[in-house]
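Structure first, then comments.
Taken together, the values in this text are just the output of simple stated rules run on the coordinates, not laboratory data. Please read all numbers here as calculations on a predicted model, not as lab measurements. Cβ sites come from the backbone with ideal geometry, for glycine too, and all protein chains shown count toward neighbours.
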Amino acid sequence: MILQEADNELTIDCLLLAGRIMIESGAETYRVEDTMLRMAQSQNMLDAQCYATPTGIIFSLGKTQPTRITSISSRVTDLQKIALVNSVSRRLTSHIITLDEAHDELKSIQKTNYFLPIYMQVLSAALASGCFLIMFKGGWSDFPAAFIAGGLGFLVLVWMNYLTKVKFFSEFTASLIIGLIAFFAVKSGYGAEIDKIIISSVMPLVPGILITNAVRDLMAGHFMSGMAKGAEAFLTAFAIGAAIAVILSF
């Protein structure tokens, strides 16, 4: 009995860790629930139940088993971690690895930072902004302004996130900086089309994956999670739009 309880505790810990990593990395809610239930079934826990939201997970191995809850306080977009957790899940369900090995791999995934260095992220955001400008049929003369605005805007976003931990304020401030750079670039003659510079520079801030996940959750019947993610995406879009509106109003 004691051995069985220990095995059940390990199973719950492993499955909750997998779900936690996926939600914190920006995975869809239905994918999190499906992954956890498949992992439970691979351990002959056929009565397992799971309920996941963007802010927490409720999980039980069965009607007579204890229920565990874990809260989620932060979420980012990290597709690498989602792919790694899916790989662990597939190998566990195929009985290639044991539950202990899966738990150790998941703990290693949780502790590892797969993001590029900050300077690489800023450079990528700057290049993406310049490329978006060309895609939106902007002139090459506006490329430097979009490059600088996109890079500095993303740098401010990262910096404000580190200082305040308030996503809305960080996105508002970053968009404000982008609007100011675009405005002064056009005023000083280093830019021609302020609208294309601004639109291309804020693209790295746009919550595209969050919007996609919200729609996919809604289509899968997870209305609470879909509405929550949709509201988060709306707040981000509102922060960007409000900051740009402040700049253009002057």
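Some observations on this one:
- FRET efficiency, GLN110 to VAL158 (Cβ-Cβ, R0 22 Å, nearest 0.05): 0.55
- PHE184-VAL166 pseudo-label distance in nm [points 7 Å out on the Cα-to-Cβ vector]: 2.4
- In plain terms, the chain from ILE97 to SER141 could stretch by 10.3 nm, reckoned as 0.36 nm per residue minus the Cα-Cα distance.
- For the chain, size of Cβ-based charge dipole, Lys and Arg +1, Asp and Glu -1, in debye: 520
- Check: segment 2-111 dipole with +1 on Lys, Arg Cβ and -1 on Asp, Glu Cβ, in debye: 300
- Relative to the longest principal axis of the Cα atoms of the chain, the long axis of helix 167-187 makes an angle of roughly 20 degrees.
- Efficiency of FRET between ILE118 and SER74 - r from beta-carbon atoms, R0 22 angstrom, step 0.05: 0.80
- Estimated purely from DSSP H runs of n ≥ 4, each contributing -39500 (n - 2.57), the mean residue ellipticity at 222 nm for the chain is -23500 deg cm²/dmol once divided by its residues.
- Cβ-based net charge around ILE197, under 15 Å, with every Lys or Arg adding one and every Asp or Glu removing one: 0
- Of the trypsin sites (Lys or Arg not before Pro) in segment 28-88, those whose Cβ has at most 14 other Cβ within 10 Å and which sit in DSSP loop: LYS63
- The stretch between THR67 and ALA242, if pulled fully straight at 0.36 nm per residue, gains 58.7 nm over its current Cα-Cα span.
- Spin-label model distance (nm) - ALA83 vs PHE250, 7 Å beyond Cα toward Cβ: 4.3
- Residues whose placed amide H lies under 5 Å from that of GLY56, excluding near-sequence neighbours: ILE72
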